[in-house]
Every structure is written in C-alpha cells, then in structure tokens.
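Participant: Here it is, the structure in full.
Coordinate-derived values only; no laboratory data. A quick note: this is a predicted structure, and the numbers were derived from the prediction, not measured. A quick note on method: Cβ atoms are made from the backbone with ideal geometry, for glycine too, and the neighbour counts reach across all protein chains shown.
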Amino acid sequence: MSYSAEQSAIMDSIISRYPRKRSSIMPLLHFVQSISGYVTSEGIETIAAKLELSTAEVTAVSTFYTQYKSEPVGEYHVGICTNTLCAVMGGDAIFDAVSDHLDIANDEMTSDGKVSLERIECNAACDYAPVVMVNWEFFDNQTVQSAKDLVDGARAGNPPAPTRGPKTLRTWKENSAVLAGLSDGLAGEGPSAGGPSLLGLKLSKEGK
Amino acid sequence: MSTEITSDVEMITVVIDGFDVTVPKGTLVIRAAEKLGIQIPRFCDHPLLSPAGACRQCLVDIEINGRAFPKPQASCTIPVENGMIVKTQLTSEVADKAQKGIMELLLINHPLDCPVCDKGGECPLQNQAMSNGRESTRYEGVKRTYEKPTAISSQVLLDRERCVLCARCTRFSEEIAGDPFITLNERGALQQVGIYEKDPFLSYFSGNTVQICPVGALTGASYRFRSRPFDLVSTPSACEHCASGCAMRTDVRRGKTLRRLAGEDAEVNEEWNCDKGRWAFKYISSKERVASPMVRGADGELHEASWPEALAAAAAGLKGKRAGVLVGGRSTIEDSYAYAKFARVALGTNDIDFRARLHSDEEAAFLASIATRINVSYRDLDKADHVVLIDFEPEDESPIIFLRLYKQVRKRSLTITTIAPLASRGSEKLGATVLSDLSKVSGLTEKSVILVGERAAETMGRFTAVSTLAKSSGAKLAWVPRRAGEVGALIAGAIGNLLPGGRPVGDASARVDIQSAWGVESLPTKAGKATWEILEATTDGRINAVVVGGVDPLDVSAEALGQLLDTETFVLSLEISHSAITAIADVVLPVAAVSEKSGSFINWEGRPRFFEKAIADSLTRSDTRILSALADEMGTPINLPSAKAVAKELQAIGKWDGAAASAPDVSPISLPVPDAAHATLHSWRQLLDLGTLQAGEENLAGTARPAQVVISKSRAEALGVGEGDAVTVSTARGSITAPAHIGAIDDSAVWLPRNSNGSQCIANLGAASGLVVKVAKA
Amino acid sequence: MSKISPVLSAHWDEADSFTIDGYKRHGGYNAALKALAMEPDAVIAQIKDSGLRGRGGAGFPTGMKWSFIPQGDGKEHYLVVNADESEPGTCKDMPLLMANPHVLIEGMIIASYAIRANYAFIYIRGEVVHVVRRVQEAIAEAYKAGMLGKNIGGKGFDLELVLHIGAGAYICGEETALLDSLEGFRGQPRLRPPFPAIAGLYARPTVVNNVESIASVPAIIERGNEWFQSMGTEKSKGFTLYSLSGHVTNPGQIEAPLGITLRELLELAGGVRAGHTLKFWTPGGSSTPLFTAEHLDVPLDYEGVAAAGSMLGTKALQIFDETTCIVRAVLRWTEFYKHESCGKCTPCREGTWWLVQMIRDLEDGKGTPADLDKLIDITNNIAGRSFCALADGAASPIISSVKYFRAEYEAHLTNGGCPFDPAKSTLFATVGQA
C-alpha cells in the first residue's frame, strides 16, 4: 500500500464518523477517487483491510454506484442529462454536439485526459433544463454552444464557473474529496438560489 | 437452533389451495405448501439460507382474514399466519400468470445451451420452465452475453450468461461458509456474480455453490462436460476424508466415479460438505492403483501374482513371526475390526495401532477412558453455551464442525475459545478467543462442549488436563480425530490397549467376552505396542513382521520408513495405490477404495455412517475379505467374509459395560525456551494439502492455501521481514522456506502447514511440533 | 388570498440564506428550543395532529411514523433523512438544501428528540457537490452554535449528525435500500417486515423521512397546527413545494397549499411556453402515471391525484407540449429505470431490459399494433411482481402513455419511425422562435 500516513489518517477519521465502520465504505471510495481519480485496486485493498472486509465485498459496493469509476476519467468529467425532460429540452442535441465536438463517445475521455463524457440521469435540477454537470457542479440552462464553450474552456484549463456553485470550477479529484466529506471551504461561494428556485417567492412578493 | 417441534411452539393452520395444513409458527408459505405436496416453483429460495425474495418465481395469492394482498406475494418470504388463505398456481389464475410471466423473463437472457450444459437433465430452471412456464417465448431482442466461462477458482467455473442472479451462491459463501469472496457485482441487468480480480474464490466449501446453483452457471472444473445426469448411477455414500461424517452421494458411470455430492442429513452435514469430500476422489482411478497382488521375487522386484500365490506368500511370511499391525486412519470400522481380530487371532498379538500419525501413550490411556462414552453430538454444539477447541482447528480438521459452529456464531454469537498457538483464519471467522494455556479456560458449564483434537497427543499432559477440565466443569467432552476411520478403529479395538467395544485388554472379563464371541481359547493379555514402538521394535528384531494397511510412514515420523527398510522385517502391505510402503513390501495386496465396497465409518459423534458399494461391478476386495482369506490360509480363521459379517459380530459383542479405564495422569513437561534466533515449531495439516487421497485432483489442489511461515510482529521486526518476504525455518535435518505471514502468534513460536506443498514438516524438518527450530530471513 | 405560501422558501432570495446567521435572522432554531422544552411525546402528538404527511412521495403521516418507534426499548434509535432526490422531474429538495440547509437540521433536532434518537444521518445524493458543501457547512455551523452535539441549546439533549454522501443510485431513495447503502452495502431493498421502525439502520428502530417533510416540522412547531391546517385540503394539510419544469414559460419552484391545480400553477408560471399547448405531464415524477390536459383541474393533493388515477408523488410537474413525442419520452424514462434497476429481482432486472428494446423498436417504427398489446402484457407481468416499487414506477409511464396516446404509438409503426422533429421541443427552439 502506498497511501501516505496522512492519507491513511484521513481514512481513519472518515471511518470514525460512523457508529459502525462498514458505513464508511462509500466516503472512503470517494476519497480513493480524490487521490487517484478512480477506484484503484490499491484503494479496494486498503479499504478492505481497514474495514475487515473481503476485497470482493468492497468490489460489490464500488461497482454498484455509478459515481465510482473503474477507469480514469477526465480532470473535468462532463455529465449531460439525457433523461426525458432534459433530453427533450435539448440535452440530446447537446450530448450529440459535444460528443462530435470532442470526438469521444459516452464514457470516453479525450486523449489529453482533460475531459470525459457521460450521459447522466436526472440530476434534480429540472427547472434549469437542459442541465450539464461538470465534476457534479451545476451548469444550468445549457445550449449546444454554451456546452461546447464549456468543454473547450475545460480543455484549455480555463472552464467557466458553475451556475450555482463555487467561483472557480474545481477538478474531479478535488470535488471527490468534498464527496468524501472533506470540506474545501467553498460553501459560501455562489448564489443562495437560482432564478427558477425563486419563482414562487418572487410571485408571492408580487402579490400573486 | 433445533428445528424440533416441541410443545411450546405455536402451531398455525392455513389453507392452501383449499387444503388445511398445520405448521409451526414462523414457517414460510412455500414450505407449508411443500408439506401438502404442493410444489411452488422457486430459484432463490433455499431452506438453509436466509430468504431473499429475489427471483419472484414463487408468487402466490394470499389473503389474511378476508383481506387480500393487492398483488401476488413471494411465498418464500412470507411466514404463515392464522386466517391465511393461499392460492398457488394451481388455484389462482393471477398466481399462474405471474409465475409464467417471471419464467418468461428469466429465460429472455438465458442462453439456449442446455444441450451442452452440465446441468441439463437435472436443472431446476429447465424443469420448472417445463412445469410452470409458457410454451414459447415472445422475446425477439438481443440476449445479454458474457465471456463463458470464467474461472473463479481453479475448481469452480462461472458462466454468467446462465446465471439467474438468485444469490444462492453469494448467500452461501457469506452466511454458511463465512467466505464472502464471491459477490454480486455491478447493477441492474448487468448485475453478475464475481470475485475481486486478484482474489479467487478460495473457500474450502466452494463446491456447495455448484451444487445449489439452480442453473448451470457454476460448474465444477473436474466434472464439466464429463457426463449427463441420466447416465449416472447414484449411490448414497459416506465421506472417507474426515471424522465429520458427511452423508454423500456418489455418481458413477460405467464403473467410474464422475462426481460426488453432499448428501442430506439434517443431524450431521445438513446439505453441505467440504471441497475435499466433494472433489478428492481421483485417487480411486489413479494410474498408481495397485492392480493385482504382487510378491517380491528373488530378484528383489515386485511381480504380479495370483491371489492364491500372494496369499500363500503372505501367510508364509507371517507365520510364526512376532508381528505388528499398523492400520491407516481411513479404515472403515469393519476393516479395522478385521485387523483387530486378525492381530489377536491370526498373529496372536495386541501389537496393533490405528494411529498413523504423532501419538502418545497418554493419548492411548485417554482413548481407553472415553472409548465407551462417545456421546456428544452436533446438536450439543447447537445448544452449547461455550465451545472450547483444544489442539483442534475445525475448518482444517473437521470442516462440518466448523460450519456448525459458524452457524451458531452468526445466529447467537456462540462463545468459542480455542487453545492454539495462533488465531487461524477459521478461529477468526468464529470470533474465537485464542488462549495458549488450557488452565486459563473458565466459565464452563454442563452446557459447554470441549472438542479435543488428535494433536493433543503432541503436548505432554494435555489429555490429562483436558480430562480434568471436563470432569471439574461438567462440560461435555468429545475427541475429534482428523481422519474418518479413527473413532471406528478405536471402537473396533485396533489399538494395543483395547479389544472391540472399548474392552480393556488387561481386564480378564473383558477378554472373556471376546474369547467367547470369537470362539478362541485365549487372547494375548499384555497391552500392545503403539505405532512408534512397533516400528522401533522392528529394528532389533523384537518384531519381525508387519502388516500395514494404508499408512504413509511420513505421517508417523521421518524415520519410520527407514526403520522398516533397513531390517529383515517381513512387510505385508494392503494398499489402494503404490506408496512408499509398497515399494519396500514383500507382499502387496490391492484393496478396495470406499466406492468399491460397502461399510461404515463412525464419525466423531459416534454415529455410524453406512455406505453401499457405489461401483457395483468392482471386483476389488475389501481389507476385511482379504484378511479373512489370509487368516484361512494361515489356518487361523477369523470368519469375516464380508462387512455384513463384521457388523453382525460387532453388534453381538456390543459395548463394554464394565468400568472404563481411568483417565491418564501425566504431568506436563516444561519445554525449552528458545532464544531469539529460534522458535518452537507448531503446525497442523491444512484441509487441502499433500494428503494421499487428494492425489490427482489438480483443480482442487489449486485452491489449497499456500504455505506460509507465521511469525509474530516482533520477530518479523527483529528479522527485518515484511509480510510475504521469504523466511527459512530449519533444523539439523533440513529446512523450509516460505513467505512470511505476520500474525497473532506468540513471540517464541513459529507456525507452518504440516504437509503442504513447500512445507512438509516431518520430511523437511524431522518434526511437526514442539521442536525448537531456527528461524531466519531467507 | 394568495395561492402561494412561501414558508421553506421564504428567504431564499437573501444572499446568506444558507448560513446560520441568515437562518437565525428569521427566528431559526427557535422551534428546536421550543420543542426541546416539550415532552418528546408531545412533539410526536403535535406533528401527528398537524396532519403533516410525507413529502417524498408516499404521503404517509409523519407523526404516525414517529410514533411507531418503540420507546423504552433500551436500544439506540436513528433518524435518517432521505436527501437522495433522484426521481426524474423531482427538483425540490436540492434547491431547498442549497438555499436553506439549516431548516432541515432544525427539523432533525426536533424529530430526533421526539423519537429519542441521538444519532441522525442525512443521506444526500452524491451528484450535487455544491449542495453537499452547503449542508456540510451548515452542520459545522450548527455544531459550533451548540445546536448539534452535546446538550443542545443547554436543554440536555445530545445529537450527532452525520452527512452521508451517496454515489449515484436512484434505488437508494427507496428507504430500505438507503439503509443498506448507509450501512456500507449495495443499495438493494430489504425484505419487509421487519420495517425500519423496528429494525432499520444497524437493525435498530429507525425513522426515514424525506427532506421536505422534516424541513416542514420547525414551522409547525413554531406557528402551531392551526396555522398549518389553515392550508391545504381535508386530508392533505399544509403547504408544499411544487416543481414546474419543461415546456412552461417560467419553470421553477412554487410553494403553495396542497390542493392547488396545475391550471392555477401554470397560470402563475406564465403558462405553457408561448405558442404551444399542453400535451402530457407528470404530477409527481416519472413514476406517477401521466396526466394530460384533461387533468388540469385535478386538485394536487394526495387524494385528488389518486382519484384521477395517478399519485401526488414528489409534486414534480414535468410539462410537455405538443412538440414532444410520447414514445421518445417514455423510452427515455424506461432507459432510466433499466439503468437504475438494482438487479435484485427478476421482473425489474430482466423486464426493464426487455421493455427498452420493445419501445426502441416501436420508436423506430418496427413491429405491428399487436406488439403494443405485447408491450402492455409484458409490462403487466412486471408491475406488481417486483421486490420494490421501482418496477411499478417503470410501468407507470408505459401503461398511462399507451392509454392516452395509443394512436401516436401506432403512428410510429405506420410512419416507419418517429414523426416528430426533436429540435422543435428544445429550449433553444423556444428561444429561437420567440
């Protein structure tokens, strides 16, 4: 195992969050992704050893959840919602355009390792459709052009900021650390809510 | 927990398809229906596994007190309730359509490879598709395909296309064996059984998953494509490998054993067995089998001989000699009895011993003290409040005891203490408290069970201490030898201090019992020699003939073979296959393997495990029949033409009802304390190792646990050795080098597998336990 | 009187609404202090009497769920909040947690106190990093402010709150799958009984509630049952978040009393997008049978929607106009269910695999009208036969769409493919044409 003492200590602190240590398997897998970008065999073996599970048991969990990747993904992992509503609202067109533009298919990565592409399911932002998620940050009300600009920016190392998120788009690994429950101190950035979230409130204030 | 129906269990009456049935509370609907003879189709359901409700094949309509469930329910997950009315596919159109619908779905992705599938002809999917499915499929889509098959171990192959994802195998591995090395991976339509890529399915019990797989998804590498079920003749049998006493089924086609399966016996092995019992049977058809009697000629070579010639040569070689008899540990009770009688009647000696392994005089005394009191059972384990394992590793040495204990550990956190030098994997699974010192065991009651293994003979004073502990605590005590034949051999009197039925040799009235049963005027009165003494006596002529029935001399000592080889001792070997003994024997007589004869083993509980001849037309003779013929030839008949004749005699003789011999009284000796460069050697035989009866089964051998040197953390640090680094253990005789495993073992100790590939303690080091050995970084 | 009743969303337009300061400015955490001064049973009784029902889809009375927890059993109890919001169309809990995570934490303090739980979890889906950040930070703030941890608010109640972050599995919104996932297993549903109230997380009594249900609790405690019951209908009390999305002029969240109709909501949201007409809609996410224009006046409460043949679900109103191909819409949902099927049971695992292929063929114009009957028959062999409700959800759009739009399916067959132009449905088409 080649996790550093510091990394190992973080894993132990993640384990200690829970009354029973097996519960920590999911944040630990996110943590492994924050280091390697995907679930490595080293990660599986380390988690198994720490949680006193078989490697098969850890594999069973890691392969169940779609956010855990068995192969490397891009520094910017682009998820385009093609569930019904977003697809109809333009997600299909966006996916096809971005896929053509990058010359990669679903679940593939650009050769420079910068951008990977995934069809994603509903991401709970339907009132912002069509939605694109990059490293699981919201990019609302996308168009074919805005999505192409987004991936171009990402490849150039200069992606635009998420619509509802931090001022600067973080990398896949950095955001994986947040999903492991490790704070990056960016909660205060970004708006409280986007326009559609405020629809009812606005109408109410207008006396409707 | 006992499944016995006792009066305090509430009984519930339900109506199924119009018939009343009364069953204990908690019974699942699917099983209540079985009681009426109503077969509800099913795949994931298994009575010994936790309910899954996954396959949905067993859907039925249920109403309770007039309230109908809005949709059909899985009868494998619903316990009966008062006022319940169940309609199965026989009386409910909804249930029938639901079942046919599920069956159609199960088949859409199932390959139509039944003609080449091992399961074809005995396949629950095939059978139930016929009984509860549609006439034809409406599926016109693309079938899911996978690489077929993949090896999840050297002995189990997985064909994912055939899998119906019932999770029987994964539940078995986790719940029954405690080996969760196969799991359901991925999700949805791509969900599949799998292993972690680097860690194969190395479970001692993996074969059970093949047996309970309701389709042909899991197959045994050794049986794959070998036969059709309808070409096999099945015979109920018993396992010859260990003292657990599994019921088995042996499947034979045209005189050849093609597979063995776990038989059902709720009292013993339930429906499980270990992989050794299932797959280690190739020795029967080995090229090394002794094909005909052989007599060593003047040229010093063995030559094939006719039975009359060989028997005459054997009789001549034994006649008038001071002979000893060594009986192997896998002798049936009938054969052991024949050896016991042959020794006394034909050879006139008590010099007979079944202990073809490390043994002691203290042990013989202990065995004499318990020979008439073998009365602890699996049920006692089910009910025990505390089980103490002494020099006994159930997972390696009696795997069904392991399964039984593990079941109670999972169910009710049964307390287990083990007296062992280290925490084995089995002990870890059992959550056992590991103690090195027997005197630290406390808190035993009359509901506690002490299981002592044969390796207790390797520690002076251990059997004495065990006897004392049992007596003072009131706990039940059972001796669990490793091999299948030893308990029977003890009862049969194949040991120097006991006659059949546990009768002390030194007791005149005990001898009278046997004299009258055998119709002989006298019996030798002096207690016989132990195995080691017999071998030693051959070196100075005190013994000048030995009869050896299935003994590997290296199991006894490093010197044993040499002791026989270097002297003029006449050696008669009764063997299945050519061995170190046949190589030096003067006369070799081929004997039948278990599947070629009928007989019985007595398991550790004292329970007879009868088996019939599975290979009906085998002409190979049993040891009993040969010994009887030899005794005739010698003019001292023992009149045992068959196993049946033995059984009859044993029955008539019965158990000794006189005073049992007293327990041994031997004081422990203090062992030398090794310095830092040395350690005290500990070892035991792993379940899968270089044992003779495992010969020829490479697929099985591939799942054996590789040899490791277990050392403590501080020793590893002192040696500068990490996990997996090579370590050499050596004595004046030789050395063993194997990867280190840093484990919970005493700092002064080292552990090696006793007889595994790369680690044969007796052959390589000259000892198997207790010796001070040198430990160094390789 | 206004048809709109912003309660949970009342301050989302403030820049610091998600901070503890922003929350406290409007009386945040007063309800918790008030509840902690009550008897736990009195809290349960009040929530029971309020008529609050689960906002996650099933509509089970929240207070009754709490009352199922055995008391004095000497076991640990757990509260688990289901923030796995993944049902297609559903988008209420994520904006709520982004803009006001403290209201959930406060509700959890009250609920945990009521059910005597000292350990609580939020199971949040993993695909929403910024929402995770907000909840994470809010928990840290609450600990700092003494509203979590030992002796909360000096009232002698202890509560540890752990944020558990999912990793992409819709099925984990099913409460027993969620519990298995939280315990570190594959998120596959468990057999019931035992129900979570008896043997939930770690086999201990557990309440699993939706975010919005628990977030509604502080206001009920603070303002009383009379206030809460002044909103809603006879059996569906109070306010709720309705989420409008799709072909609507102004999509978004509208918090309104239960029982409002889509006609009223559309009116508030500026109607179906300009120049188009309503074709079909979901009342509560893709698992609820589709409605059409004939259902515009169905009261959107638990009973009203059920009476009209669907379910209130998550109140995720996905609006589709006449440019949308029903077969394409249903295919995508079916693909979703196939993707999210956990694989445990046969009808869902194999059935969704088959359904996708059948509908894909229909979309491509392959087959005959008899294949539509086969589709319905196969769907009926899946619905009501599976281990959990996921497959029932998969069946809903199929059965309801064939019921209302059979002719459109058949048109695909006669047309030899889809007669619609997908470009006309897109948001950019609207922008371009408007």
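Participant: Measure out, as a whole number of angstrom, how far apart the alpha-carbon centroids of the stretch C:233-299 and the stretch B:43-90 sit.
Facilitator: What the calculation gives is 40 Å, centre to centre.
Participant: Still on this model: Please compute the contact order of chain B in relative form: average sequence separation of alpha-carbon pairs under 8 Å and at least six residues apart, divided by the residue count, as a percent.
Facilitator: It comes to 13 percent, rounded to a whole number.
Participant: So how far apart, in nm, are the two label points at B:D617 and C:M64 if each is 7 Å from Cα heading toward Cβ?
Facilitator: In this crude spin-label approximation the distance works out to 7.3 nm.
Participant: Can you compute the charge dipole magnitude of chain B about its Cα centre, using +1 on each Lys and Arg Cβ and -1 on each Asp and Glu Cβ, nothing else charged? Give it in debye, rounded to the nearest 20.
Facilitator: Magnitude of the dipole: close to 1220 debye.
Participant: With unit charges on the beta carbon (Lys/Arg positive, Asp/Glu negative), name the residue among B:L367, A:T163, A:Q145 whose Cα is farthest towards the positive pole of the charge dipole of the protein assembly as shown.
Facilitator: B:L367
Participant: In addition: How high is the FRET efficiency between A:D103 and C:R360 when r is their beta carbon distance and R₀ equals 25 Å, given to the nearest 0.05?
Facilitator: 0.50
Participant: For chain C, take the longest principal axis of its alpha carbons; what is the angle in degrees between that and the long axis of helix C:369-382, to the nearest 10 within 0 to 90?
Facilitator: Taking Cα atoms only, the helix is inclined about 20 degrees.
Participant: When Lys and Arg each count +1 and Asp and Glu each count -1, what net charge do the other residues less than 9 Å away from C:L390, Cβ to Cβ, add up to?
Facilitator: Local net charge: -3.
Participant: Could you work out the relative contact order of the stretch A:76-169, using alpha carbon pairs under 8 angstrom and six or more residues apart, expressed as a whole percent?
Facilitator: Over the stretch A:76-169, the number comes to 31 percent.
Participant: What list do you get for B:S203, A:S24, A:S111 if you sort them by fewest beta carbons within 10 Å?
Facilitator: Listed from fewest to most nearby Cβ atoms, that is A:S111, B:S203, A:S24.
Participant: While we're here: About its Cα centre, what dipole magnitude does the stretch C:296-434 give when the only charges are +1 on Lys and Arg Cβ and -1 on Asp and Glu Cβ, stated in debye to the nearest 20?
Facilitator: The calculation lands at about 380 debye.
Participant: Taking only Cα atoms, what is the 0 to 90° angle, nearest 10, from helix B:623-634's long axis to the longest principal axis of chain B?
Facilitator: Taking Cα atoms only, the helix is inclined about 30 degrees.
Participant: Just to confirm my numbers, what's the Cα centroid distance between the stretch A:98-175 and the stretch B:462-514 in Å?
Facilitator: The stretch A:98-175 and the stretch B:462-514 have Cα centres spaced 78 Å from each other.
Participant: Which net charge results when you count Lys and Arg as +1 and Asp and Glu as -1 among the other residues whose beta-carbon is under 14 Å from that of B:R455?
Facilitator: Cβ neighbours under 14 Å give a net charge of -3.
Participant: Who wins for biggest fluctuation among C:M64, C:M38, C:M94 in a Gaussian network model of chain C, springs between alpha carbons below 10 Å?
Facilitator: Of C:M64, C:M38, C:M94, the Gaussian network model singles out C:M38 as fluctuating most.
Participant: Please build a GNM for chain A, connecting alpha carbons under 10 Å apart, and tell me which residue among A:S16, A:S176, A:S116 fluctuates the most.
Facilitator: Fluctuation is largest for A:S16.
Participant: Taking 8 Å as the Cα distance limit and 6 or more residues as the minimum spacing, I'd like the relative contact order of the stretch B:332-469 as a percentage.
Facilitator: After rounding, I find 29 percent.
Participant: For B:K25, what is the net charge nearby, where nearby means another residue's Cβ is under 10 Å from its Cβ and Lys, Arg count +1, Asp, Glu -1?
Facilitator: -2
Participant: Answer with one residue from B:F281, B:S75, B:A732: the one whose Cα lies farthest towards the positive end of the charge dipole of the protein assembly as shown, charges on Cβ with Lys, Arg +1 and Asp, Glu -1.
Facilitator: Most positive-ward Cα: B:S75.
Participant: Using a Gaussian network for chain C with springs between C-alpha atoms less than 10 Å apart, which of these wobbles most: C:N100, C:N118, C:N151?
Facilitator: Largest GNM mean-square fluctuation: C:N151.
Participant: Tell me, C:I152, B:I584 in order of fewest to most beta-carbon neighbours within 10 Å?
Facilitator: Ranking C:I152, B:I584 by Cβ neighbours within 10 Å, fewest first, gives B:I584, C:I152.
Participant: Per residue of B:122-129, how many C-beta atoms from partner chains lie within 10 Å of its own C-beta, taken as a mean?
Facilitator: 0
Participant: Within a 10 angstrom radius of the beta carbon, how do A:M26, A:M109, B:M634, B:M130 rank from fewest other beta carbons to most?
Facilitator: Arranged by neighbour count, lowest to highest, A:M26, A:M109, B:M634, B:M130 become B:M130, A:M109, B:M634, A:M26.
Participant: Over all residues in C:221-234, what is the mean tally of Cβ atoms on other chains that come within 10 Å of each residue's Cβ?
Facilitator: 0
Participant: Which of A:S23, A:A5, A:A48 sits closest to the plus end of the dipole of the stretch A:5-64, meaning its Cα is farthest towards the positive end, when Lys and Arg get +1 and Asp and Glu get -1 on the C-beta?
Facilitator: Most positive-ward Cα: A:S23.
Participant: Taking the alpha-carbon centroid of each part, what is the distance from the stretch B:337-380 to the stretch C:345-384 in angstrom?
Facilitator: Cα centroid to Cα centroid, the span is 70 Å.
Participant: Report, as an integer, the average count of C-beta atoms from other chains found within 10 Å of each Cβ along C:185-192.
Facilitator: Mean partner-chain Cβ count within 10 Å for C:185-192: 6.
Participant: Rounding to the nearest 20 debye, state how big the charge dipole of the protein assembly as shown is about its Cα centre with +1 on each Lys and Arg Cβ and -1 on each Asp and Glu Cβ.
Facilitator: Computed about the Cα centre, the dipole is about 1500 debye.
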